[in-house]
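Remarks on the structure that follows.
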Amino acid sequence: MSIIDKTKFDFSVAATSSEAAGQTAVVRNETSTTVLHVALKSPEAWIDVYPAEFALAPRSAQTVAIRLAPENSRDALVPASVKLFGQFLHVNANETGHVPPDVSIDLKIVPPAANCPICGTLLPEQARECKRCGERIRLCPVCAAPNTWVARTCRLNGSHVIRTEVDWLTSPGGDSVHGAPATIKLGPQLARKWSLPTFAPTRAADIYEWSAPLAAFGMLFASAIDTVGNRSFVQAFEMATGAALWDLELPDPKGVYPDRGSMALSTDGILYVATLGGHVTAIDAVRGTLKWSEKFAGTVYGGAVIPTSSNGKSGELLLVPIGDSLTIINRLNGKEIRRHELGARLDTAPCASNVAAYVADEDGIVIALDLGDGRELWRATLDGAFDAAPILRDGVLYAATMSGTVYALDASTGAERWQSRATVKPVAVSPALSADGLLYVAADDGSLHIIAADTGNLVRSRKLSNAPLRNSPVTGGGTVFLGADDGNIYSVDADYGVHLAYETSAGSRIAGAGLAMYGNLIAFSSTNGVLYVLEAKS
Ligand SMILES: [Zn+2]
Ligand SMILES: [Zn+2]
């Protein structure tokens, strides 16, 4: 593909013309008596023009070289414009009335379709990876241009859709949405797409303790501790196929707390892993390379959370529950910004809006903190300790205690809107909130309690299992999925019918805080040491 899109040329100015051939442009002065001064300005660091300034005598031409310099850019090379300014200087005073106006000609520079979207290196056809910068490449299904794995639309043409699935950026807790869009209709049964290993290990020493996985960018991220206990790592897979993409050993052999620990992923593709020993590690999620790792004082049970900015992208803060504190970290460099000492242990992830963080501690106290200046906004004392991270939507905070009470609090004042006592058994996992306003609460009584989020009225209770439900539910298209401590995944359909959706090994538990969804795929891990990806039929 030519680097210059000729269709964008404007030759309508009479005395001037410009044309492009290959990687050069020709600027011609067709006047008979006027000197043309030309200044070329590149709007992008990766486009070089030479010469950038010159004067053209009447009836002469200048060839300008346009060179792509991807080494000058860390951003994707996208079509861009070079503006050519032409300025006419009088040489004959008698022609005053006939001097043409100044001109500006746009040349549209289209990067070669086959270069790396990050570093600009030319890629071989069908390349799936850039050998120079390590970026994983996804080919546009429409025009085959190489794109990053994070991209949703093609960098060469925004109307080319690369993927539509919702990115599951946070493990259960702290995720205000916690469901797939209702437009995807998922049936109640699940079939195995792939698993790792294929079958549950029979030797205890071969069992990995996986934490709750994340699904985003068409990839699945999961962390694990090996049973011997001297090593922990994060692994990434292609979600659709199970192909291993990378793995990285973590600096903390204790790893992510298998029950409630979790990872967080930013919209720009950085994975944050907070481990039991107080290490926080940032990893380039696409390439599997280490960005930074810092050690903090205290034990981490809950997961890290990244507040979303008002533009829908990840902000610069990372919130990590460490010991008795909520620690606020600059996620770009790992430096601590602030540490809020809370007076009791945090066993679970915080949740956050773009202006406030909410933590729920072991004393049953919910505290709201201003993300800007760190001041405490309000606190509310509820009836039990928290293992479940609160969730937030539309200015309402939903929090469930180990005494079984579910509260709805005004997120700006802490005032109670309602409380529900659908169960007296502990609620140890975050509820899920569906797009149509139903709160799904999984309890230790083995039942899923469905509560109207606006009123707190109990809509239905459905007994799923004799074992506790310690796996945060996920909702997708009217169907709710969750795991139980009997090793099974259950689903509840739109008519509140209960289905045994999938069985793992008898005697195991569905591990980690919950499931991750990506399109019609559902990922989770079991204490039998297997990481599963199941497919829901629509
Ligand atoms: Zn590259
Ligand atoms: Zn395309």
Spatially proximal aspartates and glutamates relative to LYS193 (Cα-Cα < 20 Å; intrachain offsets below 8 disregarded): GLU165, ASP167, GLU238, GLU503, GLU535
Cα centre as origin, Lys/Arg/Asp/Glu Cβ charges: the chain dipole, Debye: 920
Contact order normalised by residue count of the range 169-312, Cα under 8 Å, 6+ apart, percent: 19
Cα gyration tensor shape for the range 344-439, rounded if a/c is under 1.5, else prolate or oblate: oblate
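What percent does the relative contact order of the range 275-365 come to when contacts are Cα pairs within less than 8 Å and at least six residues apart? Each step should come with its number before you reach the end.
Working: 203 pairs, mean separation 20.8, N = 91.
Once divided by the residue count of the range 275-365, the mean separation gives 23 percent.
I need the shape label for the chain. Rule: rounded when a/c is under 1.5, else prolate if a/b > b/c, else oblate, with a, b, c from the alpha carbon gyration tensor.
Prolate shape, in that a/c is at least 1.5 and a/b is the bigger ratio.
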For the range 369-438 versus the range 246-267, the gap between their alpha-carbon centres in whole angstrom: 26
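Considering every pair of different Cα atoms, what Kirkwood radius, in Å, is found for the range 184-255? Working shown, then result.
On the way: mean 1/r = 0.0735 Å⁻¹.
The answer is 13.6 Å.
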Which of THR413, THR401 has the fewest Cβ neighbours within 10 Å, and the rest in rising order: THR413, THR401
For the chain, with +1 on Lys and Arg beta carbons and -1 on Asp and Glu, the positive-most of LEU371, GLY507, GLN87 along the dipole: GLN87
Using θ = phi - 60° and Karplus 6.51 cos²θ - 1.76 cosθ + 1.60, couplings along the range 207-222 (whole Hz; Gly, Pro as x): 8, 8, 9, 7, 9, 4, x, 10, 10, 7, 6, x, 10, 10, 10, 9
Cα gyration tensor category, rounded, prolate or oblate, for the range 290-404 with a/c compared to 1.5: oblate
Of LYS131/LYS291; LYS83/LYS291; LYS254/LYS335; LYS313/LYS335, those spanning more than 30 Å from alpha-carbon to alpha-carbon: LYS83/LYS291
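Going by how many other beta carbons lie within 10 Å of each one, how would you line up THR227, THR423, THR327, fewest first? Can you show the working numbers first?
Working: THR227 16, THR423 22, THR327 25.
The order, fewest Cβ neighbours first, is THR227, THR423, THR327.
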Dipole of the chain, positive end: most advanced residue of PRO468, LEU326, PRO251 [Cβ charges, Cα centre]: PRO251
Within the chain, longest stretch clear of exposed chymotrypsin sites (Phe, Trp or Tyr not before Pro) (DSSP loop, no more than 14 other Cβ within 10 Å): 200-495
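Given Cα pairs under 8 Å that are at least 6 residues apart, what percent is the relative contact order of the chain? Don't skip to the end; give the middle numbers.
Working: 1570 pairs, mean separation 62.2, N = 538.
Value for the chain: 12 percent.
Laboratory data are not the source of any read-out in this text; all were calculated from the coordinates shown. Fair warning: this is a prediction, and the values are worked out from it, not measured in the lab. Positions of Cβ are backbone-derived with ideal geometry, glycine not excepted, and every protein chain shown enters the neighbour counts.
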